[in-house]
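Visitor: Please read through the structure below; I'll follow up with questions.
The values are calculated or read from the model by the stated rules, or taken from the named source; none is laboratory data. Predicted, not measured: the structure shown is a model, and the values here were computed from it. Please note: Cβ atoms are built from the backbone with ideal geometry, for glycine as well, and neighbour counts cover all protein chains shown. For the accessible areas, the whole protein counts, side chains as well, though only heavy atoms, and no ligand, DNA or RNA atoms are used. Shrake-Rupley method; radii C 1.70, N 1.55, O 1.52, S 1.80 Å.
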Amino acid sequence: MVTAEVVHDGQHVALRLGDPPTPAPEPVAALLLDCLQALPANTPAINQNSPWLFPGRRPSQPMNPGTLRDALRKLGVPAEKGRPVAIRQLVLQAPAPVVAQALGYHDKSTTRIATKAGAPWKNYAPGDHTR
């Protein structure tokens, strides 16, 4: 994510993930603003002009995902626990095979998550339904 995708109108903070921008809830909004303000001081000297919200050490590259994960762990943020919760929420909103295809997961994995979550889409038949 680049810094230009964080929209702050003075009152609200949103992320440009699509159109319209998605509102960022508290405390995420405050954390995003803090991150933006701290960027110049925390950006590596070799990457000062980086557009990334989390700039890496290599010019024009974002921070390595493993480095970001480790930094979150040091702050006490359990980043790994968010993924299953997010997938669970997705399979409650869409068929498991569709979620699997969109995220690059095996459909049996998302179907198992959907079954445990009691998803209304658990009997969805994947495939081409236009015929």
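Visitor: Residue under question is P25, and the condition is that it be open to solvent by 40 Å² or more (accessible area, probe 1.4 Å) and either over 23 Å from V77 (Cβ atoms) or in a strand (DSSP E or B) (or both); does it hold? So that I can check it myself, show each step before the final result.
Guide: Working: open to solvent by 40 Å² or more (accessible area, probe 1.4 Å): yes; either over 23 Å from V77 (Cβ atoms) or in a strand (DSSP E or B) (or both): no.
No, not satisfied.
Visitor: Still on this model: Mind counting the residues in segment 29-58 that are under 16 Å from the mean Cα position of the chain (by Cα) and without any contact (Cβ under 8 Å) to a residue 12 or more places away in the chain?
Guide: Going through segment 29-58 one residue at a time, the tally reaches 1.
Visitor: Still on this structure: Hey, among the residues in segment 34-61 that are assigned to a loop (DSSP other than H, G, I, E, B) and surrounded by fewer than 12 Cβ atoms within 10 Å (Cβ to Cβ), which one's modelled with the highest pLDDT?
Guide: Residues of segment 34-61 that are assigned to a loop (DSSP other than H, G, I, E, B), as a first pass: 43-44, 48-51, 53-54, 56-61.
From the residues that got through so far, the ones that are surrounded by fewer than 12 Cβ atoms within 10 Å (Cβ to Cβ) too are 48-49, 60.
Details: Q48: 72, N49: 77, S60: 80.
My answer is S60.
Visitor: State whether the residues of segment 62-83 include one that is out of contact with any strand residue (DSSP E or B) (no Cβ under 8 Å at 6 or more places or on another chain), open to solvent by 70 Å² or more (accessible area, probe 1.4 Å), basic (K, R) and closer than 26 Å to A114 by Cβ.
Guide: Of all residues in segment 62-83, those out of contact with any strand residue (DSSP E or B) (no Cβ under 8 Å at 6 or more places or on another chain) come to 64-83.
So of that shortlist, the ones also open to solvent by 70 Å² or more (accessible area, probe 1.4 Å) come out as 64-65, 67, 69, 73-75, 78, 80-81, 83.
Checking which are basic (K, R) leaves us with 69, 73-74, 81, 83.
Checking which are closer than 26 Å to A114 by Cβ leaves us with 81, 83.
The answer is yes; a qualifying residue exists.
Visitor: I'm told A4 meets every condition in (1) over 30 Å from P120 (Cβ atoms); (2) within 17 Å of the chain's Cα centre (by Cα); (3) touching a residue at least 24 places away in the same chain (Cβ under 8 Å); (4) surrounded by 13 or more Cβ atoms within 10 Å (Cβ to Cβ) except one. Can you identify the failing condition by its number?
Guide: So A4 meets the others, but not (4).
Visitor: Could I ask something else about it? Looking only at segment 62-98, count how many residues are under 15 Å from the mean Cα position of the chain (by Cα), not in a strand (DSSP E or B) and not acidic (D, E).
Guide: Of all residues in segment 62-98, those under 15 Å from the mean Cα position of the chain (by Cα) come to 62-66, 68-69, 72, 77-90.
Those still in the list that are not in a strand (DSSP E or B) too: 63-66, 68-69, 72, 77-90.
Going one step further and asking which of them are not acidic (D, E), we end up with 63-66, 68-69, 72, 77-79, 81-90.
Number of matching residues: 20.
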